[in-house]
């Protein structure tokens, strides 16, 4: 994961649509929210919540600078509101300012101790900040309140995976699939775990399954295609491996960078083998000639 992140619970609900606000349909954000902030001090609470809602909507459209200014002002006007603190934390999480996200979500949790989404988002922030055990603790607390959250179980599995607690990671990924049987990223990550444990044939079956699950989504499980191509290549079926890897990179060329693969939880064994196949002339040229910008933001569901 991200890590894909993730695909973390907070990223999946970033608009802090969370249930705190109703998210309006996606249209041009510029048409929705003026750049100039006009305050009416007659009702500070309503104004602060409106600013937080605007910030959440702007963040949906990746207008983070505008979103952050509104979220900060919302917190300044109404610091004792879990909504304003949570929106600010969501924006910090999106912009990879993890210590600040942790602080904001912790503030929100202190104000609203029975909101599972805040627990999940705080766990996601800890996960991205490499505080894996704290991530596990917070996500589990959230699952007590909301035990049917696939994205929370997914993050929990990722935390266990990063701690190399493989059996527990697979158990959580299977919990995801019990709730959402086409959650291809969970199946994909079981493959990642099995490959690191040396169970290459099992990993191949999982990646083939993940591809079938993700066939109808936009990126068509590009990550699983590259992982599968890598496994075939290393097992000796080089033409099939390169064909699958090329298909994956044509869908999303970011997977041609080892740093991006590491963000998406590829372990040492799979990374080393991916390095080998990505060095082949066909794939190397495909990555080098691509004009698609490579960002740190993962491509996970």
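All of the numbers you see were taken from the coordinates with simple rules; none came from a lab. Treat the numbers as computed from the prediction; the structure is a model and nothing was measured. No Cβ is skipped: glycine too gets one built from the backbone with ideal geometry, and neighbour counts run over all protein chains shown.
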Cα gyration tensor shape of segment 191-301, rounded if a/c is under 1.5, else prolate or oblate by comparing a/b with b/c: rounded
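Tell me, 239, 81 in order of fewest to most beta-carbon neighbours within 10 Å?
Details: 239 9, 81 21.
Lowest count first: 239, 81.
Kindly state, to the nearest 0.05, the FRET efficiency for residue 146 paired with residue 76, given R0 = 30 Å and r defined as their beta-carbon distance.
Working: r = 30 Å, r/R0 = 1.01.
It comes to 0.50.
Roughly speaking, what is the stretch gain from residue 282 to residue 178, that is 0.36 nm per residue apart minus the C-alpha to C-alpha distance, in nm to one decimal?
Details: separation 104, 0.36 × 104 = 37.44 nm, distance 3.91 nm.
Contour length minus Cα-Cα distance gives 33.5 nm.
Based on the alpha carbons, how large is the Rg to Rh ratio for segment 123-240 when Rh follows Kirkwood?
Numbers: Rg = 14.8 Å, Rh = 14.6 Å.
With Rg and the Kirkwood Rh in hand, the quotient comes to 1.01.
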Please give the contour-minus-distance gain from residue 247 to residue 205: 0.36 nm per residue of separation, less the Cα-Cα distance, rounded to one decimal in nm. 13.3 nm
